[in-house]
Amino acid sequence: MAYQVNGQTVEHDEEGYITTLSDWSRDLAEEIAKTENVNMTDEHWAVVDFLREYYDEYQIAPAVRVLIKAIAKQMGPEIGNNKYMYELFPYGPAKQACKIAGLPKPTGCV
Amino acid sequence: MSETKKFLYVNRKAPYGTIYALESLEVVLIGAAFEQDVSLAFLDDGVFQLTRGQDTAGIGIKNFSNTFRALGDYDVTKLFVERESLDERGLTEADLQAITYEDENDDWAEKPSIRVVSRAEMADIMASQDVVLSF
């Protein structure tokens, strides 16, 4: 199973998470978002960028509770709250945003 | 609302070579969602898990030592390290990476999570727990 982006083939697992983290690009993120029926806005990108930075620093994708708390601190409570985050990513801000960000499924997600 | 229990995760093994250290850390991260009173203990070769400047490039394994610094985000803020275990391995607290958390009850002041304790203190810490999980 694979995504096609700019003539390149990027392998992913049965749930759509890419298998080689270094394959990620912003174009690929747009492509994954399309298959998830997510229309990427600046707010979506802010969450995706945050997740990538968090992973880069700590080598894990944060749990959703940690993600929302951190987003609230960084971008204010009007964005960093459960309702808004689930509007951005209806299938779960951690699960779906991590997929678009090219990260592994968050630790603790079944 | 169920009552909060005191959980202690005891880490006795070096970080790589066996899966214990990584498994323990993952259980801690998953368990943090249940909002219990969680502490971690590092003794014997487990103290090596917290050493600074780890480089796993040569063994082709993910370096998860940076993940310990995320524990504060999960409200895990008590990392007890046994002084005798450090001494026996020629290590001091300066060989350990700095791990901090932001105290929300103290205007988000940054505080150290690592507390070096004596073997006798560690025994008291263990005795005061409801649940002790050994890795």
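A few comments on the model shown:
- Calculated FRET efficiency for the pair B:LYS6/B:ARG119, C-beta based, R₀ 25 Å, to 0.05: 0.80
- Links that overshoot a 29 Å alpha carbon limit, given the list A:LYS83/A:LYS105; A:LYS105/B:LYS13; A:LYS83/B:LYS111; A:LYS69/A:LYS99; A:LYS83/B:LYS6; A:LYS99/B:LYS62: A:LYS83/B:LYS111; A:LYS83/B:LYS6
- With semi-axes defined as the square roots of five times the eigenvalues of the C-alpha gyration tensor, the equivalent ellipsoid of the range B:1-57 measures 25, 12, 9 Å, largest first.
- With helices as the sole contributors, chain A gives -15000 deg cm²/dmol at 222 nm; each DSSP H run of n ≥ 4 counts as -39500 (n - 2.57), and the sum is divided by every residue.
- Per-pair calculated FRET efficiency, R0 = 35 Å: B:GLU23 and A:ASP49 via Cβ, rounded to 0.05: 0.70
- 13 Å beta-carbon shell around A:ASN6, net charge (K/R +1, D/E -1): -3
- For chain A, fraction of C-alpha pairs farther apart than 22 Å, in %: 26
- Using the rule -39500 (n - 2.57) for each DSSP H run of four or more residues, divided by the residues of chain B, the 222 nm mean residue ellipticity is -5500 deg cm²/dmol.
- In the range B:1-100, the chymotrypsin sites (Phe, Trp or Tyr not before Pro) that fall in loop regions by DSSP, at most 13 other Cβ within 10 Å: none
- Relative to the current alpha-carbon distance between A:ASN39 and A:SER25, full extension at 0.36 nm per residue lengthens the span by 3.4 nm.
- Restricting the range B:3-47 to GluC sites (Glu not before Pro) that sit in a DSSP loop and have at most 13 other Cβ atoms within 10 Å of their own Cβ leaves B:GLU3, B:GLU35.
- The loop-placed GluC sites (Glu not before Pro) in the range A:10-67, going by DSSP, that have at most 11 neighbouring Cβ atoms within 10 Å of their Cβ come out as A:GLU14, A:GLU15.
- Shape category assigned to the protein assembly as shown from the gyration tensor of Cα positions, a/c cut at 1.5: prolate
We did not get these values from a lab; they are worked out from the coordinates using the rules stated. Every value quoted in this text rests on a predicted model; they were computed, and no experiment measured them. All Cβ positions, even for glycine, are placed from backbone atoms using ideal geometry, and neighbour counts span all protein chains on display.
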